[in-house]
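Read through the structure below, which is laid out as C-alpha cells, and then see the notes.
Where a number appears in this text, it was derived from the coordinates with a stated rule and is not lab data. Every value quoted in this text rests on a predicted model; they were computed, and no experiment measured them. In this analysis, Cβ positions are derived from the backbone assuming ideal geometry, glycine residues included, and neighbour counts consider all displayed protein chains.
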There are 2 protein chains.
Amino acid sequence: MARMKVTVAYDGTDFAGYQIQPMGRTVQGTIQSVLQKMHKGEAVNISASGRTDAGVHATGQVFHFDTDLIIPADAWSKALNAMLPDDIYIKDVEEVSESFHSRFSARSKEYHYKLLIRKEPDVFQRNHMFHYPYPLNISHIKKACGYFLGTHDFTSFSSARSEVADKVRTIFALEVLEEEEFLTFKIRGSGFLYNMVRIIAGTLLEVGQGKRKPEEILTIIAGQDRALAGKTAPAHGLYLHQVNYQDKPE
Amino acid sequence: MARMKVTVAYDGTDFAGYQIQPMGRTVQGTIQSVLQKMHKGEAVNISASGRTDAGVHATGQVFHFDTDLIIPADAWSKALNAMLPDDIYIKDVEEVSESFHSRFSARSKEYHYKLLIRKEPDVFQRNHMFHYPYPLNISHIKKACGYFLGTHDFTSFSSARSEVADKVRTIFALEVLEEEEFLTFKIRGSGFLYNMVRIIAGTLLEVGQGKRKPEEILTIIAGQDRALAGKTAPAHGLYLHQVNYQDKPE
C-alpha cells in the first residue's frame, strides 16, 4: 500500500464544486471515477486539503489517496491526465509517508482573487476573473490589508452557514498586485472559513470604492458579526493557489 | 431608416458558429433575437463580414443592420450589452451610410492564431489557445511566412468543401509573435477561403517541427491541391481580430 500526494489544477467553471455529491459534475467525482477505472472497478476515495465551491478554480489543490498499484509517480500523472477531461490537470504526483494527510498536514494555504478592473468586460475571461468596472483607490485597499494580518476571530468574515466552532485563524500575508488592467489579492493563512476569502475580497473592494475606511476592518473583525463585513465576491474570481506543508511556503 | 455598423467580440466556445442555423446556439441568432425584442417583435437581419466556425472566436467581428429606431450609437451598445449573454460583447456601434456593407466594403481582414507552446496544458486557456507541446523552430516558421505574402491561388490552403470559384487572395502581412510560452500568428489579407487560416497555421507548425522545409510553401501553393498542405489547426486557437474598411488597417 502506498500513499500518493497529488497536486491538481482545475477550471471550476463547469463543476458543481470540488466535493462529490449525488447530482452534478464534481472534481472529486470525476477524479475518483478515473481512479476506479485504473483500479479495475474498485472504488478509490481521494481526500483533499479542503473543498472549493462551484465556479472556484484551483491552480494548486492537493489531495491524497492510497493504492496497491505499483506505478512510478511520473507514470501516475501521465495515466491520470490521459483519462481526465481537459478542465482538470494533474500537475504532480509523489509518494508520501502514511502519516501525510492533505488536510491535516497542511500548514498554510494561499488563495488568489483575480479582478479585471477596466471598464469593458472581456468575454474570454468572464469565468476566470471578477469584472469590476468601478474606480478603485488601490492605496486604501493596501492599507486595509494590513489590518487582516495576524491571528483573529474571523466570524465577521465567514458565511453564516459555516458550521465550524473555532473561527480563529491566522493570516500570514495579504498582498495586492496591480498589473495593467488586472488586480489580484494574494492571501496566505493557516486556514480559511467558509467564504472567508470571498468576503475579504468583497470588503476590500468596498474600501477601494470609498464606501468604507481602511481602519473599519478593525471594528468589523472585533464585532464578530457577518453583517458588518462587505458582500461576498463572486466565486469565479477565486483560485486555490497553493497548499503548503512546510512552515515556509515552497 | 439608419444603417448601423457594429463591432463585436465573442467567445466561440459555446456557439455552434457565427451563422444562424435551425439547431444550435449561434452568434447571429443570439444577436438577432435581442434586436427583435428591441424592435417590438419585428425580425431584424444582421449581415456580418463573414462567418466563423464553431469554436472560433472574434475580438473584432463586424456586422451591420438597418433600423427605424432612433437611438444614439452609445445607447445602442449599452442596450445590446445589457440584453446579450456574457460571451458576446458589443465593442462599438456607429451609424454609417447606406452604401456601407460589412462584407463587400471590407478591404482586408486580420486573423490571429494563438498557441500555448509549453509542455504542460493550461486548464484555463483550453478553449482559447491551441496547446502545442512539441519543440518548434521559430526562425524556420518565420522564413516560411514570407512565401505566403502577395497574391496567389490558395486552393491548397482551402477546405475541399469550399464552394468559391475564385481562390486567388492577397496576403498583406503574416507575422509570428513569440511571448514567453505563447506564440501568435497574425495574418492580414484581402480575404480568406474556408479554413484557410487554420490550414496555414497547421502547415506553419509542421515547418516548425521540421516535417517540412520553409521553401516547401512555394511548391504547396503552386500545386493547387489541398492534400499538399498541412493539417487544419483546431478552431479554438483562431480569432477574427479585425475587419478593415480602409486600405491601411485602422
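List the distances, in nm to one decimal, from the label point of residue B:150 to the label points of the same position in every other copy, shortest first, placing each label point 7 Å from Cα along the Cα-to-Cβ direction. Once sorted, the set of distances for residue B:150 reads 7.4 nm.
Just order A:73-82, B:51-60 by mean Cβ neighbour count inside 10 Å, highest at the front, would you?
My ranking of the peptides, most packed first, is B:51-60, A:73-82.
If only the Cβ of Lys and Arg carry +1 and only the Cβ of Asp and Glu carry -1, the dipole of the protein assembly as shown around its Cα centre is close to 140 debye. Near the amide H of residue A:173, within less than 5 Å, lie the amide hydrogens of A:188, all on another chain or at least 5 residues away, with H placed in the peptide plane.
Over the stretch A:108-244, Cα pairs under 8 Å with separation of 6+ residues give a relative contact order of 38 percent.
Residue B:149 label point, 7 Å along Cα→Cβ, cut-off 17 Å on backbone N: hits in the stretch B:210-236? Answer for this model: B:214-218. When A:109, A:37 are arranged by Cβ crowding within 10 Å, least crowded first, meaning fewest neighbours, the order is A:37, A:109. Computed over the stretch A:159-214, relative contact order equals 30 percent, with contacts defined as Cα pairs under 8 Å that lie 6+ residues apart. Averaging the sequence gap over all C-alpha pairs within less than 8 Å and six or more residues apart, then dividing by the number of residues, gives chain A a relative contact order of 24 percent.
Would you please give the residues with an amide H less than 5 Å from that of residue B:17, counting only those at least 5 places away or on a separate chain, with H modeled from the backbone geometry? Placed amide hydrogens put B:27, B:54, B:55 under 5 Å from residue B:17. Among A:223, A:24, A:146, the largest mean-square fluctuation in a Gaussian network model of chain A (Cα springs under 10 Å) belongs to A:24.
Ignoring lysines fewer than eight residues from residue A:143 along the same chain, the ones with Cα atoms less than 18 angstrom from its Cα are A:186, A:211, A:213. Remark: mean inter-chain Cβ contacts per residue of A:174-181 equal 0, using a 10 Å Cβ-Cβ cutoff to other protein chain atoms. Each part gets one Cα centre, and for the stretch B:122-180 versus the stretch A:173-195 those centres are 39 Å apart. Taking amide hydrogens as placed 1.01 Å from N in the peptide plane, the amide H of residue B:224 sits under 5 Å from those of B:156, each at least 5 positions away in sequence or on another chain.
Under 14 Å from a label point 7 Å along Cα→Cβ of residue A:170: give me every residue in the stretch A:186-215 with its amide N that close. Within reach of a label on residue A:170: A:188-192. Dipole magnitude for the stretch A:108-244: about 180 debye, using +1 per Lys or Arg Cβ and -1 per Asp or Glu Cβ, origin at the Cα centre.
Highest mobility in the GNM of chain A, judged by mean-square fluctuation with C-alpha springs under 10 Å and restricted to A:124, A:148, A:100, is found for A:124. Within the straight-line cut-off of under 25 Å between alpha carbons, the lysines reachable from residue B:37 are B:5, B:78, B:91, sequence neighbours fewer than 8 places apart in one chain being disregarded.
Is the C-alpha gyration tensor of chain B telling us rounded, prolate or oblate? Criteria: a/c under 1.5 is rounded; beyond that, a/b larger than b/c is prolate, otherwise oblate. It is prolate, given that a/c is not under 1.5 and a/b is the larger ratio. Treating r as the C-beta distance of residue B:181 and residue A:134 and R0 as 41 Å, the FRET efficiency rounds to 0.80.
Please identify, among A:240, A:116, A:218, the residue showing maximal mean-square fluctuation in a Gaussian network model of chain A using a 10 angstrom Cα cutoff. Largest GNM mean-square fluctuation: A:218.
Residues B:4, A:83, B:196, ranked from the fewest to the most other C-beta atoms within 10 Å, line up as A:83, B:4, B:196.
Here the residues B:7, A:232, ranked from fewest to most Cβ neighbours within 10 Å of their Cβ, fall in the order A:232, B:7.
Mind checking the mean number of beta-carbon atoms from other chains within 10 Å of the Cβ atoms in A:117-124?
5
Going 7 Å from the Cα of residue A:54 along its beta-carbon direction, which residues of the stretch A:14-38 have the amide nitrogen within less than 19 Å of the resulting point? Backbone N within reach: A:14-31.
Mean per-residue shielding of peptide B:30-40 is 0, counting Cβ atoms of other chains within 10 Å of each Cβ.
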